[in-house]
Amino acid sequence: MDRIRQFADLSVRRAAGFGLLAIALVVLALHADRTLAMHALAFLLTIEAITLYCFGLHPHWVPRRRREIWLPMEGLGEKRGERMISEIMRETFMAYARRMAGPALAAWVLDLGMRLSS
């Protein structure tokens, strides 16, 4: 079970990391206008948190055979494996959505502060 959780964590971490890389590149491209860059950062972090939350609400959107974590579970039955993977993926997506909500909120507060000070 712990190995399955590790695979789920690795899978979601990699997906969230690619999202953060895209956000960093957009913010870097907008660095000339700091207010716009901060607004883009806040908006894009919020979109990523909402996306992770939606995947957590509906973990069955991706078929089980298309996930990396199905590989170590080949010995389990179809129904039991499906339920177990869905539950673990739901927990993992929700955990990452909560982790992303904090920086998104902080970016919105900084964006508001920058807009009020200018």
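Throughout, read-outs are computed from the coordinates displayed, never taken from laboratory work. Predicted model only: the values in this text are computed from it and were never measured. Backbone-built Cβ (ideal geometry, glycine too); neighbour counts: all protein chains shown.
Fully extending the segment from residue 115 to residue 30 would add 29.0 nm, taking 0.36 nm per residue of separation and subtracting the current Cα-Cα distance.
Couplings 3J(HN,Hα) of region 106-117, computed from phi: 4, 5, 5, 5, 5, 4, 4, x, 5, 5, 6, 7 Hz, in residue order, whole Hz [Karplus 6.51 cos²θ - 1.76 cosθ + 1.60, θ = phi - 60°; x for Gly and Pro]. With neighbours defined as other Cβ atoms within 10 Å of a residue's Cβ, the residues 87, 48, 82 order from fewest to most as 87, 82, 48.
Fewest neighbouring Cβ atoms within 10 Å first, the residues 111, 33, 2 line up as 2, 33, 111. Stretching residue 87 away from residue 14 to a fully extended chain increases their span by 24.4 nm, per 0.36 nm per residue minus the current alpha-carbon distance.
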